[in-house]
Amino acid sequence: MTVEIQTDRLTEYIKSSRKTYEAKLQEFVDVPSVSMDPAHEKDIKLMAEKAAEILKSFGASAEIIQTKGKPVVIGEFKSDPNHPTVTVYNHIDVQPADPEEWKSHPFKMKIDGDKYLGRGTTDDKGPALSVLYAAKYAFDNKFPINIKFLWETEEEIGSPNFHDFLEKNKDKVAAQSVVVSDTVWISKDLPAISYGLRGMQAFLVTLQTAGKDLHSGEVGGLARNPITELAGLIAECVDAKTGKIKIPGFYDNVPVATKEDIDDFIKSGFNLEEFASSRDMHTMRTDDVRDACARVWTEPTFEVHGITGGYTGPGVKTIIPHKAEAKISMRLVPGQDPEKVSEMFLKFVAEKCPDAKVEVKGSLKPYLGTREGIFCDAAREAFQLAFDKDVAFVREGGSIGAVVSMQEVLDIPIMFLGLSLPEHGYHAINENFDWGQASSGIKLFVHYFKLLSEIKK
């Protein structure tokens, strides 16, 4: 059984959905579902409840499943057990946001023409709703396909309980393939499908050298300064100018990007000047486009996200802090194992700064998929039909822990049909999404679901 998509009917459906789409997105974004902040536990619960409500209101089943941490919302548009089944993954938790840094309140979505401003609009509530509207169209028009939903609330903290959730609920999420809409195009001019993700290993490094802050005039030159020592430790870990990691053995098992890999990335529309401009980067470590591509997608990183300690108020208070902390993460590439990298880092810190304490935090394995096969072909065709453009296959510089878990537990093909653009500002101040991408995303997924319905189970 096959169905034909009536272009005029789909166009009218998308047009008529705009007001409700915007209302639902407003409702979602206005919930500050910040997973890393314990103060927002009630908001996470409310977000899961709202997600289940909208699934039910659209005609899908819905269930909230509590994990050892935060809940997962699952749902399904069920047509027939004999039809193909696809599982859709999105997350509905968000990064923190400081209202004082934003032009508009991050948790009171503002509609500015075709643009939606607010935390979570593009990462990942806006794309999640686009997929939902497409699934409802497929269901209402009797596409011969079952569409399941997995909406997670711990993605922004590394999906620590998602693997266990999958193990316990395999039957509920079973499908022939998974589609993820949580990635960013390289350029607004060319759709991109990611087939690789970097992993990540995070650390908190703490150094305490006294029981209290000290007067620098009394003990300066004698007392140890923990901020200075942490800065020195970091300088021994990574070259500040090149970004290259200096920890012995770190690059073992890291494959060098091939000429063909880099050629493909550049053909995808990667423009270094536009890449920097869309992210408001004033300067970079390289102006060589091939080196830049390798750095963003195929090489590991060492980043310091913050150093805390001492006095941070106005003016200069001449104390020597008694304690300092560095927040560090490493993005890892296929071939690297987070556990081995952790062992390597712990050993290095123990040698260089023996009384520093290292807490091993979030850990995500790298992921590498494929650019070939029936699901890739369906994705290519769906992008062409929705955006009238060819699609580029690229790698993603970020990490999605849930993807590795789905690969290991479900062992089925995973496709990335992202809708976000560089200028939307993933994790950034003034994050936004727009109706152009949202509406074209609905069209994209309607075509994708139609094409999947024709693949034999």
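Of the residues making up segment 207-242, those that are under 28 Å from the mean Cα position of the chain (by Cα) and surrounded by 15 or more Cβ atoms within 10 Å (Cβ to Cβ) are Ile234, Cys237, Val238. Filtered by the rule that a residue be among the β-branched types (Val, Ile, Thr) and closer than 17 Å to Ser420 by Cβ, segment 101-124 gives Thr121, Thr122. In segment 372-403, the residue that is modelled with the lowest pLDDT out of those that are over 30 Å from Ser329 (Cβ atoms) and of a type in the set (Lys, Arg) is Lys389. Taken together, the residues in segment 425-457 that are farther than 17 Å from Asp140 by Cα, of a type in the set (S, T, N, Q) and out of contact with any helix residue (DSSP H, G or I) (no Cβ under 6 Å at 6 or more places or on another chain) amount to 2. Every listed requirement among (1) in contact with a Ser or Thr (Cβ under 9 Å, 6 or more places away or on another chain); (2) over 19 Å from Phe162 (Cβ atoms) is met by Lys70 save one, (2). Scanning segment 243-258 for residues that are exposed (fewer than 12 other Cβ atoms within 10 Å of the Cβ) and either closer than 20 Å to Val304 by Cβ or acidic (Asp, Glu) (or both) yields Pro248, Asp252. Scanning segment 346-357 finds no residues that are within 21 Å of His163 (Cβ to Cβ), assigned by TED's automatic domain parsing to the domain that holds Pro248 and among the basic types (Lys, Arg). When every residue of segment 39-62 is checked against the conditions, at least one turns out to be surrounded by fewer than 13 Cβ atoms within 10 Å (Cβ to Cβ) and among the hydrophobic types (A, V, I, L, M, F, W, C). All conditions but one from (1) outside the structural domain of Ala135 (by TED's automatic domain parsing); (2) among the hydrophobic types (A, V, I, L, M, F, W, C); (3) within 24 Å of the chain's Cα centre (by Cα); (4) surrounded by 16 or more Cβ atoms within 10 Å (Cβ to Cβ) apply to Leu204; the one that does not is (4). Residues that are buried (at least 24 other Cβ atoms within 10 Å of the Cβ) and of a type in the set (Gly, Ala, Ser) were ranked within segment 104-127; the one that is farthest from Pro160 (Cα to Cα) is Gly118. Scanning segment 150-165 for residues that are crowded, with 24+ Cβ neighbours inside 10 Å and among the hydrophobic types (A, V, I, L, M, F, W, C) gives Leu150, Trp151, Phe162, Phe165.
Scanning segment 282-340 for residues being surrounded by fewer than 17 Cβ atoms within 10 Å (Cβ to Cβ), among the hydroxyl-bearing types (Ser, Thr, Tyr) and not in a strand (DSSP E or B) gives a total of 5. When restricted to residues that are touching a Leu at 6+ places or on another chain (Cβ under 8 Å) and buried (at least 21 other Cβ atoms within 10 Å of the Cβ), segment 85-103 contains 5.
The values are calculated or read from the model by the stated rules, or taken from the named source; none is laboratory data. This is a predicted model, so every value here is computed, not measured. Every residue, glycine as well, gets a Cβ built from its backbone with ideal geometry; the counts of neighbours run over all protein chains shown.
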